[in-house]
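Student: For reference, the structure I am asking about is given below.
Coordinate-derived values only; no laboratory data. Keep in mind that this is a model prediction, so the values were computed, not measured. Here the Cβ positions follow ideal geometry from the backbone for every residue, glycine too, while neighbour counts run over all protein chains shown.
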Amino acid sequence: MSEAIRLRDVTLSHDRHPAVHHISGEFAPGSLTAIVGPNGAGKTTLLRAIAGLHPVDEGRIERPARIALLPQMTALDRSFPISCLDVAMLGHWRRCGAFGAIAPAGRAQAEAALEAVGLGGLARRPVGSLSAGQFQRLLFARLLVQDAPVILLDEPFNAVDARTAADLLRLVREWHGQGRTVVAVLHDLELVRREFPETLLLARDPVAWCGTEEALAASNRLRARMMSEGWDEAAAACGRAA
Amino acid sequence: MLYDLLIGPFAEFGFLRRALVGCLALSVAAPPLGVFLVLRRMSLTADVLAHGILPGVAAGFILAGLSVTAMSVGGLVAGLLVTLGAGAISRATGGREDSALAALYLVALALGVTMVSASAGSVELTHLLFGSVLGVDDPALLMMAGVATLTLLALSLAWRPLVLECFDPSFAAAEGARGGAWHLLFMALVVLNVLAAFQALGTMMAVGLMMLPAVAARHWARSVGGMAYASSGIAILASAAGILVSYHLDVPTGPAVVLSAGAVWAASVLAGPVDGVLARSLRRRHLAG
């Protein structure tokens with residue numbers, strides 16, 4: 001059910017300063033890839049660009065039409081007056097749009113998704129009453145309802161306890177087993193080594209994009225740290241042809 | 001006794017009935033918009049718009065006198081210019097939109113007052129700034145009712161995208177929900193409602209009936225829909241109470257309506273069941289699970 005995401009010499013920038021610099025490669029259909037790298041390495045920007053939320057400065061991103069993105073939790077207002085069931089049902093947006101009705105089957109699907117992430121009894125609860133971990137479970141329920149062939153996760157296990165992380169990781173494994181393409185921004189290298197076959201090590205420039213063991217070799221990690229040193233005010237325009 | 005206090009004035013005086021009908025029309029439509037403004041952390045935007053429309057209203061007034069149509073068209077143009085202008089300035093300069101809005105509305109307010117003062121007396125200026133609930137004429141009444149109808153219709157159609165755009169704009173963008181277009185429609189509705197309210201309450205207090213009930217509603221409901229109903233209910237209550245208070249105590253009607261809404265807000269902060277001061281300080285025993 002999957003399609004590939006291809007990056008062709010992609011550069012993404014904030015205010016002309018590149019956040020992701022000349023990256024090419026492919027997330028193969030059905031692959032399970034971790035994106036790791038120091039803070040400010042452009043991981044979130046790359047994910048947002050693949051989801052179509054960040055303009056592509058140069059180059060091209062070929063992507064399938066249906067992509068689901070899990071944003072960083074801090075990007076959302078967790079006190080918003082909306083019920084858990086309603087958030088899960090937002091996952092139906094592509095099918096029902098602004099005006100279409102949500103059939104009883106769709107509603108049942110959302111309830112099943114809440115059940116699957118361990119929020120079974122909380123459908124009517126406002127999201128304001130959830131803990132950080134429960135809120136992340138809720139966003140995973142929305143991903144389940146979206147049922148997209150490509151799933152992008154931005155720091156999915158931040159600020160959640162070990163049990164929640166384990167439960168959510170089980171879902172990621174299931175998605176991988178179903179042949180979906182999954183890309184996750186992560187910080188925990190142990191976790192990446194254990195669960196993710198492929199890794200993209202990013203430090204503005206791609207440092208390595210291959211099997212996890214090779215990508216996370218000490219030499220690559222050292223190179224990533226050297227390259228991540230900041231924002232050059234006086235940087236000249238990049239000479240590399242696009 | 002109770003009849004004399006609550007019903008009598010309306011039964012006796014046509015102008016009070018008209019004022020009540022006008023305020024009720026404002027009360028059903030404007031406060032739900034206020035709820036969305038609160039949720040978007042744009043509580044002050046309506047205030048900005050109410051001042052921003054003044055030069056347009058003044059231009060209409062100069063060209064056609066106290067004509068509802070001319071002043072409304074002028075106000076609509078000015079209001080949309082301020083909204084779009086602030087967005088454009090903040091995008092072009094990388095500044096924050098709220099500071100651009102503040103700058104624009106201060107200029108607009110001063111410009112409007114200057115324009116009216118230069119071409120008319122202080123009576124007209126007072127009318128534009130503070131409105132006259134008791135002087136609502138047929139065209140103004142029709143405009144309020146028309147705007148209320150349009151707003152309720154638009155809200156019921158655009159409810160889902162508006163809530164989505166408030167809660168998770170990134171998701172809306174990724175799913176192709178065209179959040180920007182909905183937001184523009186929403187801002188146009190806000191401008192229309194401010195214009196309708198301004199006929200009765202004047203530019204200074206036009207947003208009182210929109211924002212105070214919306215802010216108060218937060219203490220009565222835990223869902224967007226519940227807050228919208230609560231805000232309308234509060235606004236209706238405040239309208240009736242304000243008109244009666246103004247009649248019995250002989251105080252100006254516009255401020256009395258807004259003060260009534262303010263009183264309900266204060267009561268909600270104190271005694272509202274959701275996050276009210278009282279509800280928080282009452283130490284009820286925790287539940288078993």
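Student: How large is the helix-only mean residue ellipticity at 222 nm for chain A, computed as the sum of -39500 (n - 2.57) over DSSP H runs with n ≥ 4, divided by its residue count, in deg cm²/dmol to the nearest 500?
Tutor: Only helices count here, giving -10000 deg cm²/dmol.
Student: For the peptides B:137-143, B:101-107, what is the packing order when you average, over each peptide's residues, the other Cβ atoms within 10 Å and list the highest mean first?
Tutor: Most protected by this proxy first, the peptides run B:101-107, B:137-143.
Student: Right, something else. What is the distance in Å between the Cα centroid of region B:228-289 and that of region A:128-165?
Tutor: Taking the Cα centre of region A:128-165 as reference, the centre of region B:228-289 is 38 Å away.
Student: I need the calculated FRET efficiency for the pair B:Asp137 and A:His14, taking r as the beta carbon distance and R₀ as 56 Å, to the nearest 0.05.
Tutor: Taking R0 as 56 Å, the efficiency between B:Asp137 and A:His14 is 0.55.
Student: Right, next: For region A:75-147, what's the relative contact order in percent, using C-alpha pairs closer than 8 Å and at least 6 residues apart?
Tutor: Once normalised by length, the contact order is 49 percent.
Student: Report, to two decimal places, the Cα Rg of the protein assembly as shown normalised by 2.2 N^0.38 Å (N = number of residues).
Tutor: Here the answer is 1.16, to two decimals.
Student: Where does each of A:46-58, B:54-66 land if you order them by average Cβ count within 10 Å, highest first?
Tutor: B:54-66, A:46-58
Student: Across the residues of B:172-179, average count of Cβ atoms on other protein chains within 10 Å?
Tutor: Mean shielding count: 5.
Student: To continue, here is another question. Sort chain B into rounded, prolate or oblate with this rule: let a ≥ b ≥ c be the square roots of the eigenvalues of the Cα gyration tensor; rounded if a/c is under 1.5, and if a/c is not under 1.5, prolate when a/b is larger than b/c, oblate otherwise.
Tutor: oblate
Student: Oh, and also: Within 10 Å of each Cβ in B:220-228, how many Cβ atoms from other chains are there, averaged over the peptide?
Tutor: 3
Student: Compute the distance from the alpha-carbon center of region B:48-85 to that of region A:22-87, in whole Å.
Tutor: 43
Student: Further, regarding this structure: Could you point to the residue in B:Ser122, A:Ala105, B:Phe167 farthest towards the positive end of the protein assembly as shown's charge dipole, with +1 and -1 charges on the Cβ of Lys/Arg and Asp/Glu respectively?
Tutor: Farthest along the dipole direction, towards plus: A:Ala105.
Student: Using the crude model of +1 on Lys and Arg Cβ and -1 on Asp and Glu Cβ, and no other charge, please compute the dipole size for region A:61-151 relative to its Cα centre, in debye to 20.
Tutor: Approximately 60 debye in magnitude.
Student: Report Rg/Rh for chain A, rounded to two decimals, where Rg is the Cα radius of gyration and Rh the Kirkwood radius.
Tutor: Taking Rh as the inverse mean 1/r over Cα pairs, Rg/Rh reads 0.99.
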